[in-house]
Every structure is written in structure tokens, then in C-alpha cells.
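Here is the structure we will look at.
The values are calculated or read from the model by the stated rules, or taken from the named source; none is laboratory data. Treat the numbers as computed from the prediction; the structure is a model and nothing was measured. Here the Cβ positions follow ideal geometry from the backbone for every residue, glycine too, while neighbour counts run over all protein chains shown. Just so you know, the surface numbers come from the protein's heavy atoms only, side chains and all, with ligands and any DNA or RNA stripped out. Shrake-Rupley method; radii C 1.70, N 1.55, O 1.52, S 1.80 Å.
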Amino acid sequence: MTSIALVSQTQHLSFLAPALQAALPGASIIAWPQPGWQDAQVAVCWDPPLGALARMPHLRFIHSSGAGVDHIVCDPDLPARPLCRVVDDSVAEGMLEFVLWSVLYFHRRFDEVQAQARQAQWLRPRQARTRQCRIGVLGLGQLGTHVAQGLQQLHFDVAGWSRRPRDLAGVRCYSGDAALQSFLSRTDILVSLLPLTAETQGLLDQRRLRWLPAGAALVHCSRGQHLVLSDLLALVRAGHLRGAVLDVFAQEPVPPEDALWREPGILVTPHMAALAKPETIAAQIVENVQRNAAGLPLLRCVDAAAGY
Ligand code: NDP
Ligand code: OXD
């Protein structure tokens, strides 16, 4: 009988239990820290406590309940087991919708119009063509590729940046640290869709944000730790950057008393850019449980050494 532990110190993963139980009626599903969680063969995780997975002697594989795995690979005692994540078209579609809305917010100057509307000012903003607006997508993986291609189809001038060289029709592709300055200096709206790794942590700091042209904006959907928030705020307050839509934060949720909610030029959204449905997450876990039982290779595995 398979036993699945739901391991998180910050989220109630029990929302997955009904769908897992329905698909695997013989399985036992135990939420950490209830008795027996350590004996499970599968750990479904979001932000598990450090060291917890190393205390599971029968563990066969680890499954993130989301797309990112940074909250798992940060564990210095992570056992060497296959690590899978959620990858689904619906997530890529949701991300494109969120990014498109955010890009249009800046491109069609809704940020200015909203501020003027609060003063009852009737001022028509100038209108530019999409091809005059240079979008830069950091990360050309499952999500970044879909976003870059979707924006390109609307005739935005799109470039993307990845670790290894990529070739995407209609998208100017840059790769590696040496190309980052050229990529950023041709970007009017920067979209962050990188995984959080040792290399990408703190990437968006004052020095690199200054490489963006004056008046550029940020749409930040990856992880809070990619961005040095105080550096972004300093550049927005100084007028070098126009503003940002921020969906992810080092501390989530953002506390109600945080002044960021009221910061001019900043729109805070609640890590909502792209959410997989519980049934989708459960179906992908079930598929891997069944494959593991049948001795088949697991799907949607990450390269734990690369961190994504
Ligand atoms: P993928 O793993 O599919 O893609 C990651 C991309 O980032 C790849 O193109 C990779 O390059 C690139 N990359 C990684 N490290 C570097 C580096 N050091 N320098 C340059 N490029 C690098 O990830 P996804 O597209 O599925 O997801 C991206 C992130 O989006 C997730 O990790 C998560 O943090 C975030 N996310 C946010 C959500 C939200 O609601 N806000 C929802 C879902 C995900 P290469 O192609 O060379 O490997
Ligand atoms: C994520 C997710 O990784 O929500 O951010 O799936």
C-alpha cells in the first residue's frame, strides 16, 4: 500500500487529500506532523521543514505541489531522490493572462490614468503600437516560452534570457550572464519568470535594474528573493523606473501594515499569477505514484543539482 505524506510548514496541503484518495483508494494519506508521516514513500511538499525529508527512511520520490521547487531544494539535508513538479498548460495560460494584463497596464498607461482618475483629471494618454514596446522575459522555460510567444503574437517586440542558448521563432534570445546587460538595456517592460537558485537569487538589484532604460517597468512573477525590493523602490522613487506589478515576495502574505501596499507606482498582487487546479496537481502526483509502482520513469522531474 502506498503511503503519501503531505509536508508543509506554511500551507494546508490537505486540500489535495480528497482527489488523491479518490484516485488511490488503497493509499494512506498523512499530513505532516501527524503520526506516521515519516513512514510514507512519497512526500508531496510545499515549503517542508528543513531536515524533514531526510527523516523519511522509505521515501521513494518527492513531489512539489507547485511549479517551483526552490522551497524544497533549499534543504541542505535533502535526500537524493527524484524530485517532480507540476507542469500544466493551464498554468502557462494563466501566466500569459496575468503578464498580458500587467504589460497592457503599463503599455496603455493605466497606471497614470488610474492616478489621474483619483484627481478627477480627464487626460488622454498617448498611444504607442505594440511593436514599439520592448518586452524582456527573464527565463525561457515552460512559462517564459509561452509568455514570450504569446506577447510576440500580439506584435510586441519580445526578447528572452535563459541560461543555455535558446531558439524561439520571433523572439530575440539572449543567454548567459555576459548577455544580461544587453538584454536589459533593450527592455521597456521586464517580466521575471526565473526559478529561484543560488545564481538567480538577488539578480534584480540596483546595478542590474539600472541597466534598464529610464521609464522601464517590472512585472515580477517568479520569486520575491530574485528582487532586492529596496533597490527597486529607490529607483522608482528616483523616477528611473516607472513602476512594478509585484506578485511574489520574500515574505508571503505581505502583512497588512506593510507600506508596500500603498507605495506609489507599485501594484501588489497575492501570488496569483498562475494557479494549478487541485485536481490537476493531484492527477500529476497520482500519475507519478502509479508510474513509480510500475517501475516506470517519473514525469516532470527537475535537475536537483541545477536547482530547477
Ligand atoms: P522552468 O524550469 O521551465 O524554466 C526556467 C527558465 O529559467 C529556463 O529557461 C532556464 O534556462 C532559466 N534559468 C534558470 N537559471 C538561469 C540562470 N542562472 N540564468 C539565466 N536563465 C536561467 O520554469 P517555469 O517556466 O516552469 O517556472 C519559472 C518560475 O515561475 C518558477 O520557478 C516559479 O518560481 C515561478 N512561478 C510563479 C507562479 C506565480 O503564480 N507567481 C506560478 C508558477 C511558477 P534554460 O532554458 O537554459 O534551462
Ligand atoms: C509556484 C506555484 O511555483 O504557484 O509559484 O506553482
Value in Å of the Kirkwood radius, where the chain supplies the Cα pairs that are averaged: 20.7
Rounded to whole Å, sorted largest first: equivalent-ellipsoid semi-axes of the stretch 33-93, Cα gyration tensor: 22, 12, 10
Span from the the stretch 218-272 Cα centroid across to the the stretch 104-131 one, whole angstrom: 20
Selection from Ala274, Leu260, Gln284 lying farthest towards where the dipole of the stretch 249-308 points positive, charges on Cβ: Gln284
Principal-axis tilt of helix 142-153 within the chain, Cα atoms, nearest 10 degrees: 30
³J(HN,Hα), Karplus 6.51/-1.76/1.60, whole Hz, each residue of the stretch 101-109, x for Gly, Pro: 4, 5, 5, 5, 4, 7, 4, 8, 6
Solvent-accessible area, 1.4 Å probe, carbon plus sulfur percent, for the chain: 53
Accessible-area ranking of Arg134, Arg207, largest first, probe 1.4 Å: Arg207, Arg134
Gain on full stretching of the segment that runs from Ala178 to Ala234 - 0.36 nm per residue minus C-alpha separation: 17.6 nm
Label-point separation, Arg164 to Gln119 (7 Å along Cα→Cβ), nm: 5.2
Amide H within-cut-off set for Tyr174, under 5 Å, with H built and near neighbours excluded: Gly160, Trp161, Ser162
Magnitude of the charge dipole, the chain, Cβ model with Lys/Arg +1 and Asp/Glu -1, debye to 20: 1020
Where the chain is the region considered: accessible area per residue in Å², 1.4 Å probe: 49
FRET efficiency estimate (nearest 0.05) - Cβ-Cβ, Glu287 to Thr130, R0 51 angstrom: 0.85
Cα-based Rg and Dmax for the stretch 24-134, where Dmax is the largest Cα-Cα distance (Å): 23.1, 66
Per-pair calculated FRET efficiency, R0 = 51 Å: Trp101 and Ser28 via Cβ, rounded to 0.05: 0.75
Note, ³J(HN,Hα) from phi for the stretch 232-238, Karplus 6.51, -1.76, 1.60, rounded to Hz, x at Gly and Pro: 4, 4, 4, 6, 6, 5, 7
The chain - mean residue ellipticity at 222 nm from DSSP helices (-39,500 (n - 2.57) per run, n ≥ 4, rounded to 500): -8000 deg cm²/dmol
Note, ³J(HN,Hα) from phi for the stretch 36-46, Karplus 6.51, -1.76, 1.60, rounded to Hz, x at Gly and Pro: x, 4, 5, 8, 5, 8, 10, 10, 9, 10, 9
